[in-house]
Amino acid sequence: MQSAPAPPGYTHFQLPGDLDIAVNSNKKMKTVLVSVSVIGNLNETVTRMAILPSILRRGTRRHPDLQAISRYLDGLYGASLSSQVFKLGEWHLLRFRLDVVNERFVPGVNGLLGNALEFLSELMRDPLVVEGGFHPQYLEQEKANQRRAIESLLDNKAAYAENRCIEEMCSKEPFHLFELGRVEDIEAIDAKELRELHRRWSRRYPVHAYLAGDVDPAAARDLATSVFAGGAAEREGGYALSGPPSTIRVAAPREVEERMDVNQAKLVLGFRHGVTYSHPSYEALLLMNGILGGYSHSKLFQNVREKESLCYSIHSSLERVKGLLFISSGIAPENYRKAVDIILKNVESMKAGQITDEEIQATILTILNANEMLEDNFGALADVDLAWRLHDRPFDLLEFRRRLTNVQRDEIVAAARLLQHDTTYLLTR
Amino acid sequence: MSIPTKRSYSATLDEEVLEASFPSGLRVFFCPKQTFRKKYACYSTFYGSVDSEFIEPAGSRLKVPDGIAHFLEHTLFETEDGNVSDLFAKRGAYNNAATSFTTTTYLCASSERFLENLELLIRFVENPVFRPDKVEKEKGIIEQEIKGYDDSPGWVSYMGLLENLFERHPMRIDIAGTPDTIRNIDSDTLHRCYRAFYHPSNMVLFVVGDLESNELLDFIAARSRHTSGSAAAAGPETMRRIYPDEPKAVHRAETRKEMEVALPKLLLGFKEVGVPEKGEDFVLHDLASEFALELLFGRSSDTFRDLYESQMALDDFGASYGMGAGVGFAVVGGDTPRPDELRQTLLDRARTLRDRGIAEEDFEREKRKFLGAFIRSFNSLEFIAGHYTYFKFHDFDLFRSVDVLSRITKETLEERVRTLLDPDNFASFVILPK
């Protein structure tokens, strides 16, 4: 290895009440990024948790409507606010991000970061409250929006098909829940009850706040601490986060077919492998997925798309908390059987050890390059840091690269042999 | 050997770009980014789907099938040594390509062994192989790609709106073409398009990352065929683009289409002809149009607030401006439960907003937002390379955008609104659930 500087990382400060603040000081960014994730369990609260970011973004006590919030952010030189609701295995995460220009680039301006942090904290903790509940009209509108957001998954046929495959495959596990929740739960959401859930959420659920930019680390830590632990009396912590999900043995693969008026059929094959971030075979699994279908040099892309012209798109992707793998493809409806056969043949060839040194080397290089380029993307770096942290894996990119480079062929074959084909899902006309 | 360069520096951004020009007309730019691990290059030609008719360097006039620029992009990936994606993948590098209305760009990125990847990028873009059997095989792949777009309500409505706005101008052509038009593409026509538009004088190579500039430029000069020879040898006027006269009036007021979607979608469009094509005028027109649309329809506007609170617009509602080859267009809209009501409301708004003018306070606030967004975009190497190139194709230095922004006045925007949002000359595209 050449002598590159040590990869950047986040320095963590653990505060009482399950509050973790992580800071990275770097010269690369022209902005300061604040990314705050709050973690809960994926369970029957899914729909109510998923509506929280939308209702919180409608108004705070000090900025009581959408326009007031938007105009305040514009005034902070277009600080960009985003929120995200997603699953990490069988955990349910709400993530708020605020990216604000470093005031070094706007001469004569002071206090941008402080104002941005204060605002983010206000947005998450101090909503507009009417008679002890969320604003009733806002809530009704956001309920309608949430219903539409869930239903419009249909507009993206590839995402729709992947989600349907998960629903079928994990129907008896919490993982089958869609991150935005269930349409049938929406009607019953009540302004006061939701505000109570929000209060518990903001006091008890574990919080991971990441801050990155060209900032003085100690000052940034103190600022973030004072803002996020500001209501320290408010922070109780103590939420019981569930452990890693259990794995299931597949009896026999099932097939699910759904009809819709589509031009291109979407085919999704779901597998279980049970390997997570902290598993000794993690690096071997990454390589296995890369060789199978992660990249354009992969077997699936080469054999299904290039050699047979059977599809426009094909790739395999890993779920690394619950331990699943999905192969997704867009095909002509009449090619369904042929495509499934070729895909499964490629999986079998991996299990039989038909992997060349060239494939291994190319995939190692691809993952190494991507991992090194991660060093320039502090949002993504924070996400990886958090995922590893939740698996008690120390965030050490150099160690990861060493392990990756040393994976042997038989370990990749062993990882392939962990794949159990669970469900074949087809969306076709 | 040291290749002479021109330096452009932005104090606002604290960024610099070096430019080396070669006698062939090729321009190479380098933006040093110390400490970044990623190194990124894009090799672009000022050639896209709007270049559907032209006079060849040899002098004959050629009208080409829709989708050929995109098809050519695919063709270049097939080299004598196999598919270029495989070659990049074997080195662990990221690579891709994209065709837009006016440009085609080939790119690669890696942290390690970057110069080898750059060499490959240069080699495959400059050494195309036109084999009839490969061209035939590619038709199947592109047809599947087109069918994927046909299921995307966002793309269908956007291209559908442009077809309604423009009667003859090639801005109405779908970038990838249709299964029917690409069937007529052959290797000879592809080759002729390549000769016309992949001339060094019509291309820009942009590299950004932690590299040494002299070493990099020498490396490029030694490997690129496009750095040798002179543009004059190929004739200074290598090709000439032909665009039909486009009437000011929209082509078709509305199209409605049923698709498998959860919610209807409305896009409302306004067109302009005779818009600037080069230099500061181009950039001013582009920025002022975006700025005006953001003031009228952005998240901080009264219009957005009213539409959102009456549930006529949702989170994805927005407005954008597009321009190229002498025409421009504004697109406003998004998902909506009531598309007809939304269209009527937007048109009513357009009428009042033309008369009302812009509040000073709103103007100043949005200006801060634009400046902040511009500074933020320089976090991204892809943005720097892509936008610097795009602006260079229009004879402008991206760094000077900040000056243009500072020259935009409230009055500029009011004029922009009056010209652009003509409530008697609009088109719309509506998607309805099946």
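Could you tell me the distance between the Cα centroids of region A:394-417 and region A:125-200, to the nearest Å?
Distance between centres, Cα-based: 38 Å.
If a/c stays under 1.5 just call it rounded; otherwise compare a/b with b/c (prolate if a/b is bigger, oblate if not). Do that for region A:254-428, with a ≥ b ≥ c from the square roots of the Cα gyration tensor eigenvalues.
Note, shape of region A:254-428 comes out prolate.
Highest GNM mean-square fluctuation, chain B, Cα pairs closer than 10 Å: which of B:360, B:294, B:382?
B:360
When the dipole is taken about the Cα centre of the protein assembly as shown, and only Lys, Arg (+1) and Asp, Glu (-1) are charged at their Cβ, what size is it in debye, to the nearest 20?
With only Lys, Arg, Asp and Glu charged at Cβ, the dipole is about 740 debye.
With a/c under 1.5 counting as rounded, go ahead and sort region B:254-433 into rounded, prolate or oblate using the C-alpha gyration tensor (a ≥ b ≥ c being the square roots of the eigenvalues; past the cut-off, prolate if a/b is larger than b/c, else oblate).
It comes out prolate by the Cα gyration axes.
Which whole-number percent is the relative contact order of region A:30-171 (Cα, under 8 Å, 6+ apart)?
Relative contact order comes out at 28 percent.
In a GNM of chain A with a 10 Å cut-off on Cα contacts, which of A:162, A:283, A:359 has the highest mean-square fluctuation?
It is A:359.
State to the nearest 20 debye the size of the charge dipole of chain A about its Cα centre, where the only charges are +1 on K and R beta carbons and -1 on D and E beta carbons.
Magnitude of the dipole: close to 120 debye.
Just counting partner chain Cβ atoms within 10 Å, what average do the residues of peptide B:79-91 show around their Cβ?
4
For region A:390-396, take each phi angle, set θ = phi - 60°, evaluate the Karplus expression 6.51 cos²θ - 1.76 cosθ + 1.60, and give the result in whole Hz per residue in order, putting x for glycine and proline.
In residue order, the calculated couplings are 5, 9, 6, 9, x, 7, 9 Hz.
Do the sum for chain A: with -39,500 (n - 2.57) for every DSSP H run of n ≥ 4, divided by all residues, what is the mean residue ellipticity at 222 nm, to the nearest 500 deg cm²/dmol?
It lands at -12000 deg cm²/dmol.
Which shape class applies to region B:176-235: rounded if a/c is under 1.5, otherwise prolate when a/b exceeds b/c and oblate if not, where a ≥ b ≥ c are the square roots of the Cα gyration tensor eigenvalues?
oblate
Cα to Cα, under 14 Å, and not fewer than 8 places away if on the same chain: which aspartates and glutamates meet these conditions relative to residue B:410?
Of all the aspartates and glutamates, those that pass the test against residue B:410 - Cα under 14 Å, at least 8 places apart if same chain - are B:290, B:294, B:355, B:360, B:361, B:362, B:364, B:366.
Hey, what angle do you get for helix B:132-150 against the long axis of chain B, alpha-carbon based, 0 to 90 degrees rounded to 10?
20 degrees
Pairing the Cα long axis of helix B:114-126 with the longest principal axis of chain B, what angle in degrees results, from 0 to 90 and rounded to the nearest 10?
The helix B:114-126 is inclined about 80 degrees to chain B.
Based on the mean of other beta carbon atoms within 10 Å per residue, what is the order of B:54-65, B:346-357, A:22-33, most packed first?
Going from most to least packed, we get A:22-33, B:346-357, B:54-65.
Only Cα pairs under 8 Å and at least 6 apart count here; give the relative contact order of chain B as a rounded whole percent.
Computed over chain B, the figure is 22 percent.
Fewest Cβ neighbours within 10 Å first, please rank B:203, B:159, A:124 accordingly.
B:159, A:124, B:203
Counting pairs of alpha carbon atoms under 8 Å apart in space and at least six apart in sequence, what relative contact order in percent does region B:118-276 give?
38 percent
Would you list which lysines come within 26 Å of residue A:143, measuring only between C-alpha atoms, while excluding same-chain residues fewer than 8 positions from it?
Correct list for residue A:143: A:87, A:157, A:192, B:265, B:434.
Cross-link candidates for residue B:63: which aspartates and glutamates have Cα within less than 15 Å, leaving aside residues fewer than 8 places away along the same chain?
Output for residue B:63: B:51, B:53, B:186, B:188.
Would you list A:72, B:149, B:9, B:388 from fewest to most Cβ contacts within 10 Å?
B:9, B:149, A:72, B:388
Where does the charge balance sit around residue A:311 when Lys and Arg score +1, Asp and Glu -1, over other residues with C-beta under 11 Å from its C-beta?
In short, +1.
In whole angstrom, how far apart do the alpha carbon centroids of region B:92-169 and region B:46-71 sit?
With region B:92-169 and region B:46-71 each reduced to a Cα centre, they are spaced 16 Å.
With springs only between Cα atoms under 10 Å, which of A:76, A:211, A:42 fluctuates most in a Gaussian network model of chain A?
Sorting by GNM fluctuation, first place goes to A:76.
Just counting partner chain Cβ atoms within 10 Å, what average do the residues of peptide B:371-384 show around their Cβ?
Other-chain Cβ atoms within 10 Å of each residue's Cβ, averaged: 5.
Got a sec? How would A:226, B:187 order by Cβ neighbour count within 10 Å, fewest to most?
Ordered by Cβ neighbours within 10 Å, fewest first: A:226, B:187.
Around residue B:254, which amide H atoms from residues at least 5 apart in sequence, or from another chain, sit under 5 Å from its own amide H, with H modelled in the peptide plane?
For residue B:254, whose amide H was placed from the backbone, the distant partners under 5 Å are B:428.
Could you work out the mean count of beta carbons from other protein chains within 10 Å of each residue's beta carbon in B:93-99?
Averaged over the peptide's residues, the number is 2.
Each residue of region A:257-270 in order: what ³J(HN,Hα) in whole Hz does its phi give by Karplus 6.51 cos²θ - 1.76 cosθ + 1.60, θ = phi - 60°, with x for Gly and Pro?
Karplus values, whole Hz, x for Gly and Pro: 10, 10, 10, 7, 7, 10, 7, 10, 7, 10, 10, 10, 10, x.
Angle, helix B:187-197 long axis vs. longest principal axis of chain B, Cα atoms, 0 to 90°, nearest 10?
80 degrees
Every number here is computed from the coordinates shown, using simple stated rules; none is lab data. No experiment lies behind these values; they were computed from the predicted model shown. Methodologically, a virtual Cβ is constructed for each residue, glycine included, from the backbone with ideal geometry; neighbour enumeration extends over all protein chains shown.
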